[in-house]
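These notes concern the structure reproduced below.
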Amino acid sequence: MPTFVAVESMTVTHVAYVLLLVGSALLSGGLGAYALFVAREDPANRRLLSLFALFMFGATLWSFGDAVQLLILDVQTKVALETVLNVVTVVPTVAWLLFALSYAGRDRWLHRRVHTLLAIEPVLLAAVSMTTDAHDLLWSGRELTRTAGDIPVLVSGLGPAYIAHVLYSYALVLLGAYVLLFRARKQDTTFRGQATLLTIGALVPLVTNVAHFVGLGPDLNFTGAAFTASGLAFWLAITRYRLLDVVPVARESVIDEMRDGYVVVDGNDRVVDANPAAERLLSSSLLVGEPIAAVLPPDADLLVDASEGERTEFVVGEGPNRRFVDADVSSVGRGDASRLLVLRDVTNARETEQRFQTLIENSSDIVTVLDADGTIQYQSPSTERILGYEPEELAGTNAFDLIHPEDREPLAEEFFEGVDEDGYVARAEYRIRHADGSWRVHESVGRNLLGDPAVGGIVINTRDVTERNERERELTETNERLDRFASVVSHDLRNPLNVAQGYVELLEDSVEDETLRGYLTEVETSHDRIGRIVDDVLALARHGGELSETMSVELESVARIAWSSVDTDDASLDVVDSTPVDADRDQFARLLENLFRNAIEHGSGTDGGSAGNRLTVTVGILTDRQGFYVADDGPGLPADLRDRAFQPGVTSQEGGTGLGLAIVADIAEAHGWTVELADEGGGARFDFVIAER
């Protein structure tokens, strides 16, 4: 049985010290129990709070063990208790380091390998402690003595294992302090204050322990009592800086790096905590205890009076530094007094909205947003300019009320068919009543965006096409008149021409006078020229640049068919090489016929032809670009006509129509080809470029 100090023999100093240690133990134990209670209601912070509780319980055992030891007079019992306490003292130091790592957001260090490494020293210490009677590794020369206050203490020499244990414990405490203070240096004032208080609370026992071992204090070891200061520091961190309500778990990897800002305010609307993003958004340093109204713009005063879940938006700064900030409010912690303000930078979104709003307001088209039954939700400002209505005047009315009665029913069928299909797109042309009572023709494209939360409606883009339709109608009438003109040319001119040509042939058989026969030849030549003019005019009027079906045709095949359709005299065709061409076969043949006829009319029987005045027309493909060419070895085009060769009426031959090359240019343009007059060095060459390589 251990021998205890009799109460009546204890001095005032002895009693005071025992009570101090017991009070420290009770305070630490109470904080540990409180942390465990909170951890059950706060799963997100359970690990941090559990480590905090372990730290406090270790401090409790240390302080309570020291108090019990001071009441024991038996040396053997004191040694046994001190041996156990040496192992127990590792608990608060290890828990302190793990708590500091978790608090500072160094969660990547909180894994099994680190726990195993930290457990090696306590295990070795326990093994050495169990065999302490067989060696002096922990201590030597143990004896009981009394201090000046008549307090019985155990005095012994320190062994190497004990010194190593003390240094290991110091290292853990200092490492935890470094983690907290290094992290606190980068944090805002709220958690800088928390980290500083926690570090002071942990360093006070260390400093006290060091002072005891180097002989700067009395013989008593005040390390256990120093945990009372730790408890007070932690209590201040809990009450003053709301350690258990706003815990920086993984703060470095989450909150400090998050793009959104947050501010915690207490029941008096004072700042309790804020992250760097909030300070950047508000362009102000947020000091703990500062009224939130001091850093918010005047138009955001309602923010501090907002109810749970309410959102608001305000502007910070001016000019190029202007920022649009969206904020919402929610409660934080376990009570309703404190609130969390989450701030989001929505500047890009607002500027984009303003940009598109400006584009819509200045658009030449009308933009309308309808709900599922055709009611107008939004009408762009261009409505007033195009239809004469104020946009606000149409909001809330049914869009079909403005549609012409004859167009209303089919348009409504199309509209309601697309209501149930998300993303449905339709195009329609119909008549809308203008504010002046007239009917205007409009073309609209609608898209079903009812399922898009940003729109929530059917978007209609409408353009006034009344004038365009009128021009199209006029063009149709013009084309019809042109077609009637072509019919007149074909019927009313060709029939008299055929009659005249018939009489000339009869006269040629009955007239023997050479002079008269010469006159008849001139008349016949004029008739032929009239016939060519009729053919060319009909080609321009009826076919011109109009294509029917295009297909892949062989250049050589079409060239030889076109050559057979022309009076070639003694000229010859030479197809050097061939290639498939995507073209309207009939129009392509007409193009080549006109080129061949032009070459023969201007080149046959001249000195510009090949040997023996025999004209040769060559067809081949381009080597530097995709396309083909048509060339002849005739005299070529005069220099003064080259720039105007494709204009109607331009010809170098007396009696020519001047329409052949104009028809060629029209057909090439209709196919999307580019025709160029190349320099052939004596003859004429036309290059047709289908595509650049």
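Around residue 378, which amide H atoms from residues at least 5 apart in sequence, or from another chain, sit under 5 Å from its own amide H, with H modelled in the peptide plane?
Here the answer is 369, since their amide H atoms fall under 5 Å of that of residue 378.
In units of 2.2 N^0.38 Å, what is the alpha-carbon radius of gyration of the stretch 348-454?
1.10
Can you list the HN-Hα couplings for the stretch 513-521, worked out from phi with the Karplus curve (6.51, -1.76, 1.60; θ = phi - 60°), rounded to whole Hz and with x for Gly and Pro?
With coefficients 6.51, -1.76 and 1.60, one gets 5, 5, 5, 5, 5, x, 4, 5, 4 Hz.
Classify the stretch 394-527 from the C-alpha gyration tensor, please: rounded if a/c falls under 1.5, else prolate or oblate depending on whether a/b exceeds b/c.
prolate
Label point 7 Å out from residue 47 along Cα-to-Cβ: which residues of the stretch 65-104 have amide N under 18 Å?
So the set is 94-104.
For the residue pair residue 505 and residue 313, what label-to-label distance in nm results when each label sits 7 Å from Cα along the Cα-to-beta-carbon direction?
8.8
Want the number for residue 420 to residue 331: 0.36 nm per residue separation, take away the alpha-carbon distance, what's left? All intermediate terms of the calculation are to be shown ahead of the outcome.
Working: separation 89, 0.36 × 89 = 32.04 nm, distance 4.07 nm.
Here the segment from residue 420 to residue 331 would lengthen by 28.0 nm.
Residue 213 to residue 494: extension gain in nm, 0.36 nm per residue of separation minus the Cα-Cα distance?
87.9 nm
Go through 424, 378, 519, 103 and list them by solvent-accessible area, largest first, probe radius 1.4 Å.
Details: 424 45, 378 85, 519 140, 103 5 Å².
Per-residue accessible area, sorted high to low, gives 519, 378, 424, 103.
What does the convex hull of the Cα atoms of the stretch 43-153 come to per residue, in Å³, rounded to a whole number?
With only Cα atoms used, the stretch 43-153 gives 124 Å³ per residue.
Can you tell me the FRET efficiency between residue 398 and residue 280 if r is taken as the Cβ-Cβ distance and R0 is 56 Å, rounded to the nearest 0.05?
Rounded to the nearest 0.05, the efficiency is 0.70.
In nm, give the distance between the simple-model label positions of residue 259 and residue 527, each being 7 Å from the Cα along the Cα-to-Cβ direction.
In this crude spin-label approximation the distance works out to 8.7 nm.
For residue 552 and residue 429, calculate 0.36 nm times their separation in residues minus their Cα-Cα distance, and state this gained length in nm to one decimal.
Working: separation 123, 0.36 × 123 = 44.28 nm, distance 3.65 nm.
Going from the current span to full extension adds 40.6 nm.
Whole-Hz ³J(HN,Hα) for each residue in the stretch 429-440, computed from phi via Karplus 6.51 cos²θ - 1.76 cosθ + 1.60 with θ = phi - 60°, x for glycine and proline: what do you get?
10, 7, 9, 10, 6, 6, 4, 7, x, 7, 10, 10
Once both labels are modelled 7 Å past Cα along the beta-carbon direction, what's the residue 674-residue 586 spacing in nm?
It works out to 3.0 nm between the two label points.
The values are calculated or read from the model by the stated rules, or taken from the named source; none is laboratory data. Remember, it's a predicted structure, so these values are computed and weren't measured experimentally. Virtual Cβ from ideal backbone geometry, glycine too; neighbours counted across all protein chains shown. Please note that ligands, DNA and RNA were not included when accessible areas were found on the heavy atoms of the full protein model with its side chains. Shrake-Rupley method; radii C 1.70, N 1.55, O 1.52, S 1.80 Å.
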